[in-house]
Amino acid sequence: MTSAVTSSYVLEHFIRSDTARERLAWWRNDPKRVDVVPKVMAHKSRVVLEVATTDVEAVCRDTDHALERIRREDAEEVEYIRDWTCPFAMTHVFHFITERDGVIPTWQQFKERHSTPEFSSIILEPAEEAVDYCVERLDISRPRAQDAMQWRIGNAYYSFLREQWVHAYLRSQGIGILQHPLADALFAVDGWVGSGVLSLFIGNSEFRSLASGRKRTARERLAGSQPPFTFINMQLPIPDKFGDVFLPSRSMLDQYIRREFGNR
């Protein structure tokens, strides 16, 4: 299995169509991503290719509660933050910190790291600016806006843990799944094995599900590729416990493995 994935590796693998080339050109020339492009292009994914399921499970046990007392209904009423994005995707920040420290961070480690000079301009400062906007322009109280932002980032953190556990489980079953933030940024690819592209998500009709959703999919972004990709959608059930990191069952993943990876 590949010991590290670089941006060059990603481009060589995925640029197989005019659509992909046009998306890469747009991303590279987007003025909002002047700081994003060089950092993502310089990134090497190594640690995330070696993490075991037990490593992720240990982080899940040791992490502080990323959502604390916040209620979904209250957080998502702050629509500006519910729909907020910043040039650096939150998942990319988790990747950067993981590779920088050599381990997947707990929530408390993430909070400590994201306030350092190396990372504060990537996520902390844009998040604080969004909170300020809500307070100053939308007349939303600061505690309410801060709770909404914590909910937004905390859920992204839990999604990252879940994704890394799934990748680790696939590797434990002999599936050489690869990943890199550039593949996610350009093509909404959560992972890949050869020409098989993995999309992993919890079903949500507002944003993304097998049947509907607002987010552009890997299938759309890689349309027209030659040779073509195949697409593997792992839709996970909605968590039934608040506050715990939801990890899918091994039996459910085994069903996907038999169906989607059986002949690979």
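Relative contact order for the chain using alpha-carbon pairs under 8 Å, separation at least 6, rounded to a whole percent?
Numbers: 336 pairs, mean separation 62.2, N = 264.
The normalised contact order for the chain reaches 24 percent.
Kirkwood hydrodynamic radius, region 7-260, all distinct C-alpha pairs: what's the number in Å?
This gives a value of 19.1 Å.
Sketch the reach of a paramagnetic label on Glu129 as a point 7 Å from Cα along Cα-to-Cβ, and name the residues of region 80-116 whose backbone nitrogen lies under 12 Å away.
85-88
Net charge near Leu11, counting Lys/Arg +1 and Asp/Glu -1 over other residues with Cβ under 12 Å of its Cβ?
Neighbourhood net charge equals +3.
How many percent of the alpha carbon pairs in region 1-75 exceed a separation of 17 Å?
Result: 67 percent of Cα pairs exceed 17 Å.
Need one number: nm distance between label points at Arg219 and Arg82, each 7 Å from Cα along Cα→Cβ, rounded to one decimal.
2.7
Of the DSSP beta bridges with both residues in the chain, give the percent that are antiparallel, rounding to the nearest 5.
In the chain, DSSP labels about 45 percent of beta bridges as antiparallel.
Full-extension gain between Glu12 and Arg142, please, as 0.36 nm times their residue separation minus the C-alpha to C-alpha distance.
Once the chain is fully extended between Glu12 and Arg142, it gains 42.2 nm.
With charges set only on the Cβ (+1 for Lys and Arg, -1 for Asp and Glu), what does the dipole of the chain come to about its Cα centre, in debye to the nearest 20?
Numbers: 34 positive and 37 negative charges, 200 e Å.
With only Lys, Arg, Asp and Glu charged at Cβ, the dipole is about 960 debye.
If you consider only alpha-carbon coordinates, what radius of gyration and Dmax does region 42-163 have, in Å?
14.9, 46
Quick one: net charge around Val93, please, counting Lys, Arg +1 and Asp, Glu -1 for every other residue with C-beta under 15 Å from its C-beta.
-3
Could you tell me the center-to-center distance, by alpha carbons, between region 1-19 and region 138-168 in angstrom?
Spelled out, the Cα-based centre of one part sits 29 Å from the other.
Taking amide H atoms as placed 1.01 Å from N in the peptide plane, list the residues 5 or more away in sequence, or in a different chain, whose amide H sits under 5 Å from that of Thr230.
Residues meeting the criterion, in which the H sits 1.01 Å from N, are Gly196, Val197.
Using the charge dipole of region 7-260 (Lys, Arg: +1 at Cβ; Asp, Glu: -1 at Cβ; taken about the Cα centre), state which of Ser120, Gln235, Ile70 has its Cα farthest towards the positive end.
Going by the charge dipole, the pick is Gln235.
Coordinate-derived values only; no laboratory data. This one's a predicted model, so the numbers in the text were calculated from it and none came from an experiment. Every residue, glycine as well, gets a Cβ built from its backbone with ideal geometry; the counts of neighbours run over all protein chains shown.
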